[in-house]
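What follows is one structure encoded as structure tokens, with my remarks underneath.
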Amino acid sequence: MVQHWLVKSEPHVYPWEQLVKDGQTHWDGVRNYQARNTMRDDMKLDDIVLFYHSNTKPPHVAGIAKVCREGYPDHTAQDPSSHYFDAKASPENPRWIMVDIAPHRALLSMVTLPQMKANSALDGMPLLAKGSRLSVQPVSEEHYAEVCRMGGLA
DNA sequence: GCCAACGTTGGC
DNA sequence: GCCAACGTTGGC
């Protein structure tokens, strides 16, 4: 069964438009254990991923991606010149994991955080939970379908 | 294993 | 820029 996820990116760091240009990308730099475990254990090839822009006005879902490579070591953790370098990572113990994602579907319009908060059909969505900071999180099939309905599939 | 200090996230 | 929420670190 295909599963659904949501990943956050700050648009000034890596926007949806860049993913469309690139065709696919390494989802590197995740340094949170819960998010890592999700990528390592749960995200499967062809799973669907809502691409969310955080730290922008308004925050919003910008597009729909899919997993095109399952979890493997995040090499930036072992690169001293990387912003994401982690001295505790090594080839034997890479410590951090990433997946690859690619664009899947475009939305006719962005789905903003205020719109989602106002939609009771999305009650219980982890993104909307108070204090939610997870950068990789699950989305139920029903919530996914509702976000698609709100944005309109291109 | 507790918990205070600190750093980060991310909406507002 | 503020600050609440949360995660991690490290002394004890």
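Miscellaneous remarks
- Principal axis dimensions, region A:1-86 - Cα atoms, whole angstrom, descending: 33, 33, 24
- Fraction of antiparallel bridges per DSSP, chain A only, in percent to nearest 5: 80
- Taking region A:19-154 and dividing mean pair separation by its residue count, relative contact order in percent (alpha carbons under 8 Å, at least six apart): 28
- Pairs of Lys residues in chain A are counted when their Cα atoms are under 20 angstrom apart and they lie 8 or more places apart or on different chains; the count is 11.
- For chain A, the Kirkwood hydrodynamic radius from C-alpha pairs, put into Stokes-Einstein at 37 °C and a viscosity of 0.692 mPa s, yields a diffusion coefficient of 207 µm² per second.
- For region A:86-154, the alpha carbon positions stretch 45, 29, 18 Å along the principal axes, listed from largest to smallest.
- Each residue of region A:40-48 was assigned a 3J(HN,Hα) from its phi angle through the Karplus curve 6.51 cos²θ - 1.76 cosθ + 1.60 (θ = phi - 60°); the sequence is 6, 9, 10, 7, 10, 3, 6, 4, 9 Hz, with glycine and proline shown as x.
- Helical mean residue ellipticity (222 nm; -39500 (n - 2.57) per DSSP H run of 4+; nearest 500) of chain A: -4500 deg cm²/dmol
- Radius 15 Å from Cβ of A:LEU113, net charge of other residues (Lys, Arg +1; Asp, Glu -1): +2
Where a number appears in this text, it was derived from the coordinates with a stated rule and is not lab data. Computed from a predicted structure; not experimentally measured. With ideal geometry, Cβ positions are generated from the backbone for all residues, glycine too; neighbour counts draw on all protein chains shown.
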